[in-house]
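*Asks:* This is the structure, below, for whatever I ask next.
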Amino acid sequence: MAVKFVFFFFLALLALNSNASDLCAAGSDGSGDLSVIPIYGKCSPFTAPKSESWVNTVIDMASKDPARIKYLSSLAAQKTVAAPIASGQHALNIGNYVVRVQLGTPGQAMYMVLDTSSDAAWAPCSGCSGCSATTFLAKNSSTFATLDCSKPQCSQARGLSCPTTGSVDCLFNQTYGGDSSFSATLVQDTLHLGSDVIPNFSFGCISSASGSSIPPQGLLGLGRGPLSLISQSTSLYSGLFSYCLPSFKSYYFSGSLKLGPVGQPKSIRTTPLLKNPHRPSLYYVNLTGISVGRVLVPIPPETLAFDPNTGAGTIIDSGTVITRFVDPVYTAVRDEFRKQVGGSFSPLGAFDTCFTTSNEMAAPGITFHLSGLDLKLPMENSLIHSSAGSLACLAMAAAPNNVNSVLNVIANLQQQNHRILFDIANSKLGIARELCN
């Protein structure tokens, strides 16, 4: 009997691995529907550090959030950017998700970072100095073309370097992630998203890069600028998209990115999307309050208020790992959380409110109150456990004190296993609970 059980268990493992491999090979991408895979998942090309548990990996990722916050804060001084999903960091210093696309004709597979706070689209090209081993081979694509300075797309690129006259290639330089930069040429080629094809898609072809935050296989911006994926595909997707980000713990499971009206939730609660002309790339929402358990935390209204002049307010961002609040907001939330849990607390990496799991039953739920909807976080979105399992930590933090940030950021750990719908045409953001597997 025992031998028979072991035999069938072995067959089940083989089937699981075989099915997962088939899924990775075949893909489930249809029209406007792409798979979202954790960075170190079965279908991801990136390899996890062998010595780290997923918890330690997340802790390491979260410790790099300050560079991301600094980058987001710097967007205030910049004009509109020209330029399957797997959660991605590999050579990155910031936690992100990547989407599998194909560039060129015939298509070349690239796992590009998905970034809701960027309007840029760029990929490392062959011959790039400082780039990863995987690059886009422009010479192998029959539809590749460079754009010169006379093209209207060139004037929309941030960091533009063009003479006042002439028709030389459109060159630009950009920073990313707070500690990295790159040089690129604006080009066009065919972009394949599942079964959908976007011809003449404009993106930056990177020729040199420095720093550790440049995504190894490129970036696909989902912001509102003229050269973002959303703007360049308006005729196809009508400025509508949603994603469901899988947990970092997922290995065989994936989430999804849905582009366009087809397949979107029919009934979903929404909150207004706000637009800041000084930070046009960012998706602002109106966070009106935060509850810890049944207590509506007393928070100075000015620390949550949307102010286009200063850039203050709350954004939803796919590239920050843990939710960050300006110091007065975080301190008020943390202190009420500690009060309700009781006992003693210790720090762990980016987290300053860790306690023994024997007290976990006392941990209160956290609710973000947005105009028109309440986002009540399940415990998996508000707590993270140490690798040994003996500690539970509040999975939020204060914005770094060395950054003059007025931004509150609802980050990807708090978004996991939720459907986040961006309806740009109607200026609405929808949120609904969904298992992203």
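*Asks:* Could you list, in sequence order, all residues of region 129-164 that are among the hydrophobic types (A, V, I, L, M, F, W, C) and touching a Cys at 6+ places or on another chain (Cβ under 9 Å)?
*Replies:* Passing the criteria: C131, F136, L137, A138, F144, L147, C149, C154, A157, L160, C162.
*Asks:* If a residue has to be of a type in the set (G, A, S) and out of contact with any Gly (no Cβ under 9 Å at 6 or more places or on another chain) to count, how many in region 128-153 make the cut?
*Replies:* Residues meeting the conditions: 4.
*Asks:* Also, quick follow-up: In this structure, is S233 modelled with pLDDT of 90 or more and within 21 Å of the chain's Cα centre (by Cα)? Break it down into steps so the answer makes sense when it comes.
*Replies:* Working: modelled with pLDDT of 90 or more: yes; within 21 Å of the chain's Cα centre (by Cα): yes.
Yes; evaluated as a whole, the condition is true for this residue.
*Asks:* Restricting attention to strands (runs of 3 or more DSSP E) lying wholly within region 223-299, give those where 2 or more residues are among the β-branched types (V, I, T), within 30 Å of F325 (Cβ to Cβ) and open to solvent by less than 30 Å² (accessible area, probe 1.4 Å).
*Replies:* Result: 287-292.
*Asks:* Go through region 359-399 residue by residue and tally those that are under 21 Å from the mean Cα position of the chain (by Cα), closer than 24 Å to T288 by Cβ and not hydrophobic (A, V, I, L, M, F, W, C).
*Replies:* Qualifying residue count, region 359-399: 4.
The values are calculated or read from the model by the stated rules, or taken from the named source; none is laboratory data. For clarity, every value in this text was computed on a predicted model and none was experimentally measured. All Cβ positions, glycine included, derive from the backbone under ideal geometry; neighbour counts span all protein chains shown. Side chains are part of the model used for accessible areas, which takes the heavy atoms of the whole protein and leaves out ligands, DNA and RNA. Shrake-Rupley method; radii C 1.70, N 1.55, O 1.52, S 1.80 Å.
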